[in-house]
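Colleague: Okay, here's the structure, questions in a sec.
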Amino acid sequence: MSVKILTKHFGIKDSHKINVYMKNGGYKQAEKALKEMKPEEILEEVKKSNLRGRGGAGFPTGLKWSFVPKDTGKPVYLCVNSDESEPGTFKDRHILEKDPHMLIEGIIITSYTIGANEAYIYIRGEYYPQAIRLQEAIEEAYQKGFLGENIFGTGYKLDLKIYRGAGAYICGEETALLESIEGKKGKPRLKPPFPAAVGLYDCPTVINNVETIADIPTIVEKGGEWFASLGPERNGGTKLFAVSGHVNKPGVYEHEMGYPLMKLINEDAGGILDGLKLKAVIPGGSSVPILRAEECDINLDYDSVMKAGSMLGSGAVIVMSEKTCMVKALSRLIHFYKDESCGQCTPCREGTGWMLKIINRIIAGKGRKEDVDTLYYIAKGIMGHTVCPLGDAAAMPVISFINKFRDEFEYYAINKKSMVE
Amino acid sequence: MSIEISENLRKKIEEIKNKFPTGKSPILPLLHAFQDELGYISLEVEEEIANIVGVSPVYVREVSTFYSMFNNQPVGKYHIQVCGNITCWLRGYDEIVEYIKKKLGIDIGETTSDGKFTLSRVECLGMCDHAPVMQINGDFYGDLTFEKIDEILDSLE
């Protein structure tokens, strides 16, 4: 039995309501943190926990917090990234729906630690029912005095606001998210300066993913060392894995870091649909390199997946059976990145459109033999040449799909039809 | 030409201005509020928001057209948005969208002649555990089959 941190309340009736959350020990850690711990002590526990950013980049959370400069005279902001738009990713939605108070408690502790009196949750515009639920939870927390002035009688003040996005994947990139809250087009900023120093309204800002923040109350409760002990070295805690595609039981499954990928697919998610064979897996959301079935005997933690040539990303596991046409599958992803490119950097803006034209041409039966190489080299030309990681995110699937399934792409281009359909 | 602003919308505008007092931050919440009330973001709406925030109308236009959720033209009473991304495609997007097209007699990007339905293809909605998925106005519908689509669309008045 795996340890459950983030999903421990999921089965409880009305788990999203504050009374239910409090009956199960909720807000005790925020009280403990504010009353009994200094911000430095909490930071130390988070550093010890080896918690790494759950949005996809896997950056050590404690280290990120420690970059916030002290005594600049400016306010400090916390922005919670709930833009969750990476295809295949739906884990944060489950937290928003079933345990919004765990998130809010995490926000209180985090804000106190970094010295913020104002926090924002940036939620993707499509998550409308979830935004309503979250707003209700925030209002409950205000009523109980967990938000607002003088929280737990400590004199500490925190305001929490929801800011709704409006259908732009790029706003999940942290600096684009800040631009969006500032009422601008979501175009990523050049770094440095990093948001820790110059963030929202030019003030020091920490941006963390929903799942990352939801881990914080448990780290305060059980200590950083306990959390770190759950996963392999440098990969603390549990992770929500969102499994989708050709499996019998798509869903969110929580396991300790380092959980075997094949066990997740075959046991948790009930195996491949219709008893078919596994063909490939994208292990961390649509942006990360694809793995062939024979490469899937790996453990799910940041370092192990990296060693296998891909990335853990957001923990979104997209499963494809032997019946999947990889050319058509890739066309979906290219279409997405073309749609979502903000247009700021030429390689990404032009490259994604060019790749889409070529792959659509192949699918329409008008492919040329050299198309596969052209696709590959356009992707190589985008990789590493853009302000933000969206360029790399568009390039990595193309490069990895072609590297691993080149025969299928060439077959389609030459024979004007899919090899598997 | 100016637009008529209802009492409800006027109240919302004040709330937004108080909640997000800094710089241009009210723009996105205002765009949402106007679209909720009026269905789409017209040139007049852009001018109105520009006046409220103190920016040029073209600035509001730049922002509103950057974000795909803001409609710059009227849409049907029910805006059907079908996810065409990887997971929904793996689980039958092609068949699902063809079925809806045929049932409503419109293509993607079109509105039925009675103004009831607009059909769009959108990117991942974050509901991959229920693929194939569509969103109609604010509501999500997952695990779609032909029968389920009939049931949902036929129940909308």
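FYI, it's all coordinate maths here, none of it is from the lab. Just so it is clear, the model here is predicted, and its values are computed rather than measured. Cβ coordinates were reconstructed from backbone atoms using ideal geometry, including for glycine residues, and neighbour counts include every protein chain displayed.
Colleague: Students often get this wrong, so check it: of A:28/A:161; A:8/B:19; A:17/A:70; A:8/A:32; A:191/A:357; A:38/A:191, which have C-alpha atoms separated by over 27 Å?
Modeller: A:8/B:19; A:17/A:70; A:191/A:357; A:38/A:191
Colleague: Name the residue from A:27, A:262, A:359 whose Cα lies farthest towards the positive end of the charge dipole of chain A, charges +1 on Cβ of Lys and Arg and -1 on Cβ of Asp and Glu.
Modeller: A:359
Colleague: Taking the Cα centre of the range A:115-179 as origin and charging only Cβ (+1 Lys, Arg; -1 Asp, Glu), how large is the dipole, in debye to the nearest 20?
Modeller: 140
Colleague: Once each part is reduced to its C-alpha centroid, what is the distance from the range A:12-47 to the range A:397-419 in angstrom?
Modeller: Centre-to-centre distance over Cα atoms comes out at 51 Å.
Colleague: Next question, about the same structure. Can you compute the charge dipole magnitude of the range A:238-321 about its Cα centre, using +1 on each Lys and Arg Cβ and -1 on each Asp and Glu Cβ, nothing else charged? Give it in debye, rounded to the nearest 20.
Modeller: Details: 7 positive and 10 negative charges, 47 e Å.
Rounded to the nearest 20 debye, it is 220 debye.
Colleague: Let me ask another. Within 10 Å, count the other beta carbons around each residue, average over each peptide in A:225-231, B:8-14, and list them highest first. Working shown, then result.
Modeller: Numbers: A:225-231: 20.0, B:8-14: 14.0.
Top of the packing list down: A:225-231, B:8-14.
Colleague: Could you tell me which residue out of B:67, A:394, B:27 lies farthest along the dipole of the protein assembly as shown toward its positive end? Charges go on the beta carbon: Lys and Arg +1, Asp and Glu -1, centred on the Cα centre.
Modeller: Value computed over the given set: A:394.
Colleague: Determine the shielding of peptide A:247-259 by partner chains: average, over its residues, the number of Cβ atoms on other chains within 10 angstrom of each Cβ.
Modeller: Other-chain Cβ atoms within 10 Å of each residue's Cβ, averaged: 1.
Colleague: Moving to a separate point now. List the residues whose amide H sits under 5 Å from the amide H of residue A:254, counting only those 5 or more places along or on another chain, with H placed 1.01 Å from N in the peptide plane.
Modeller: A:241
Colleague: Using a Gaussian network model on chain A with a 10 Å cutoff between Cα atoms, which of A:348, A:203, A:388 fluctuates the most?
Modeller: Looking only at A:348, A:203, A:388, the biggest GNM fluctuation is shown by A:203.
Colleague: Follow-up. Going by a 4.7 Å Cβ-Cβ cut-off, which cysteines of chain B have no partner at all?
Modeller: B:124, B:128
Colleague: Placing +1 on the Cβ of each Lys and Arg and -1 on the Cβ of each Asp and Glu in chain A, which of A:132, A:168, A:49 has its Cα farthest towards the positive end of the resulting dipole?
Modeller: Most positive-ward Cα: A:168.
Colleague: Would you mind putting A:88-96, A:157-165 in packing order, based on average other-beta-carbon counts within 10 Å, highest first?
Modeller: Details: A:88-96: 26.9, A:157-165: 19.9.
Highest to lowest by the protection proxy: A:88-96, A:157-165.
Colleague: Enter the Cα centre distance for the pair the range A:264-338 and the range A:219-248, rounded to the nearest angstrom.
Modeller: When both Cα centres are located, 19 Å separates them.
Colleague: What is the antiparallel percent of DSSP beta bridges lying wholly in chain A, to the nearest 5?
Modeller: Rounded to the nearest five, the antiparallel share is 45 percent.
Colleague: Now for a different question. For the protein assembly as shown, what does the helix formula give at 222 nm: sum of -39500 (n - 2.57) over DSSP H segments with n ≥ 4, over the residue count, nearest 500 deg cm²/dmol?
Modeller: Rounded to the nearest 500, the figure is -12500 deg cm²/dmol.
Colleague: Same structure, new question: Using 1/(1 + (r/R0)^6) with R0 = 45 angstrom and r between the beta carbons of residue B:10 and residue A:377, what's the FRET efficiency to the nearest 0.05? Please report the intermediate quantities before stating the final value.
Modeller: Working: r = 56 Å, r/R0 = 1.24.
The value I calculate is 0.20.
Colleague: Past the 23 Å Cα-Cα mark, which pairs from A:263/A:380; A:263/A:323; A:64/A:380?
Modeller: Checking Cα-Cα distances, A:263/A:380; A:64/A:380 exceed 23 Å.
Colleague: Enter the mean number of other protein chain beta carbons within 10 Å of the beta carbon of each residue in B:86-98, as an integer. Don't skip to the end; give the middle numbers.
Modeller: Details: counts 18, 16, 4, 9, 14, 5, 0, 1, 1, 0, 0, 0, 0.
Taking the mean over all residues of the peptide, I get 5.
Colleague: So which lysines pass the test for residue A:4, namely a Cα distance under 16 Å, with those fewer than 8 places away in the same chain ruled out?
Modeller: Partners within reach: A:91, A:98, A:222, A:239.
Colleague: For a quick check: with amide H placed at 1.01 Å from N, whose amide H comes under 5 Å from residue A:321's, ignoring anything fewer than 5 positions away on the same chain?
Modeller: Correct list: A:246, A:279.
Colleague: So which aspartates and glutamates pass the test for residue A:369, namely a Cα distance under 14 Å, with those fewer than 8 places away in the same chain ruled out?
Modeller: A:407, A:408, A:410
Colleague: Also, I was wondering about something else. Hey, got the average number of other protein chain Cβ atoms within 10 angstrom for residues in A:183-190?
Modeller: Across A:183-190, the average partner-chain Cβ count within 10 Å equals 5.
Colleague: Additional query: Dipole magnitude of the protein assembly as shown about its Cα centre, charges +1 at Lys/Arg Cβ and -1 at Asp/Glu Cβ only, in debye to the nearest 20?
Modeller: 920
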